[in-house]
Every structure is written in structure tokens, then in C-alpha cells.
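Structure, as C-alpha cells:
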Amino acid sequence: MFRFNWNRPHTLPQDYQLRSAHPADLSQLCELLLTSFYPERRFNPWLYPLMRLGIQEDIKRRLNTSPHQYGCLVVTNQAVGATSRASRAGGTSRADIVGTLEISLRSQFWQPLQPRRPYIANVAVDYQHRRRGLAQQMLLACESIVQTWGYRQLYLHVSTDNLLAIALYQKIGYQVCSKSLWRRRQMMVKELIF
């Protein structure tokens with residue numbers, strides 16, 4: 001399996017580790033994305049299992065994509081994993097996933113003939129682990145990945161009402177390059193300097 005190499009040190013708090021995702025992470029990735037983007041209280045109980053299945057199949061398909069076109073990063077927390085699983089499974093050594101993001105080469109859906117470009121999606125950190133720099137370290141790791149792919153720009157979308165995420169992206173060098181008022185989101189880009 002392909003493993004990303006980081007060309008700069010990442011400063012994560014103690015007990016956290018940044019790594020590429022594995023197929024065995026599928027169920028935890030699915031749960032993190034569901035709880036981050038689609039809180040269960042907002043949907044009918046019969047719809048939520050269908051959403052879980054759809055997200056799981058989508059992630060499974062993407063994890064089998066070429067590492068030169070796709071990557072999924074995860075942040076794990078060993079301390080949380082040992083504590084939470086000890087009560088339900090006798091304590092295993094595998095850490096719980098508390099953060100994730102995906103990076104891929106994409107073209108805009110309305111411009112399929114345009115060149116593809118590096119795009120970050122599905123940035124999620126478990127609510128109990130936010131404000132610790134986990135998302136920032138995952139985003140900075142993407143810069144190393146993009147460099148190995150031979151690109152100098154990195155794109156992402158963010159909801160215009162997600163002010164904390166916008167502040168984080170601006171803090172590390174992203175700038176707004178387009179807005180979509182009807183969808184309440186904006187695209188941001190970072191020019192990479194190597």
C-alpha cells in the first residue's frame with residue numbers, strides 16, 4: 001500500500017498521529033464524516049442508514065484509486081482508542097480516527113475538459129478533538145503530497161457560514177478565488193512555494 005512521505009515535521013499534540021488511510025479504516029471514516037456533516041437528528045431515521053451505506057461505498061471506491069490521483073489522510077488518537085475500546089472489546093492497540101481529509105485531482109463538474117487540479121475535500125475533525133491544530137497539520141501535509149504530484153496550487157471549498165474553517169484556511173495562506181451565492185460556499189486557493 002502507498003504511504004505518503006511528509007517533507008516537513010508536523011507538530012501534533014501527544015498521542016496523535018497523522019497517517020494515510022487504510023481500507024480497515026472504512027467504518028470509522030464513514031462514522032466521522034456522517035457525524036461531522038450530517039448530524040442524525042436532521043434526517044429521518046430510515047434515511048440515515050442509506051446515507052451511511054452510500055458514504056461507505058464511495059470511500060471504499062476512492063481508497064482503491066491511484067495514489068497519484070487521490071489520498072485520504074487520517075489523524076488517530078491512541079489514548080482515546082485505548083480508553084473507548086477497553087470497555088467494549090477488551091482494549092485493542094488500534095487507535096481511533098479523530099480527523100480526516102481527502103485530496104484528489106479534479107476538474108470542475110461544469111468544466112470537465114479543463115485540466116484537473118489538486119482539491120481538498122471532506123475536512124473533518126471529531127468535535128471533542130477540535131481546536132488542537134489537527135486540521136491545520138492535515139492541510140499542511142497536503143502541500144507535500146501536491147508537490148510530489150507536480151502542482152503548485154491547492155484548492156478547497158468551504159461553506160460561507162463556517163467562519164472558523166475560513167479563518168483557519170486564511171491563517172495558513174488560502175485566499176478566496178470564487179464564490180457561489182446560490183450554494184453559500186466559496187472556493188479558496190493556496191499558491192504553494194517550494
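The values are calculated or read from the model by the stated rules, or taken from the named source; none is laboratory data. The structure displayed is predicted, hence computed values, not measured ones. So basically every Cβ, Gly included, is an ideal-geometry build from the backbone, and we count neighbours across all protein chains shown.
Observations
- Looking only at residues of segment 70-88 that are at pLDDT below 85 and among the polar types (S, T, N, Q), we find that the one that is surrounded by the most Cβ atoms within 10 Å (Cβ to Cβ) is Gln78.
- Members of segment 142-170 that are part of a loop (DSSP other than H, G, I, E, B) and among the acidic types (Asp, Glu): Asp161
- Test: Arg131 is surrounded by fewer than 14 Cβ atoms within 10 Å (Cβ to Cβ) and within 27 Å of Asn77 (Cβ to Cβ): yes
- Scope segment 39-65; condition over 15 Å from the mean Cα position of the chain (by Cα) and surrounded by 13 or more Cβ atoms within 10 Å (Cβ to Cβ); matching residues: Glu40, Phe43, Tyr48, Met51, Arg52, Thr65
- Any hit, segment 175-188, residues being surrounded by 13 or more Cβ atoms within 10 Å (Cβ to Cβ), β-branched (Val, Ile, Thr) and at pLDDT 95 or above: no
- Identity of the residue in segment 171-186, part of a strand (DSSP E or B) and of a type in the set (A, V, I, L, M, F, W, C), that ends up nearest to Thr160 (Cα to Cα): Val176
- Residues of segment 36-62 satisfying the condition of being more than 17 Å from Leu134 (Cα to Cα), in a helix (DSSP H, G or I) and of a type in the set (Ser, Thr, Tyr): Tyr48
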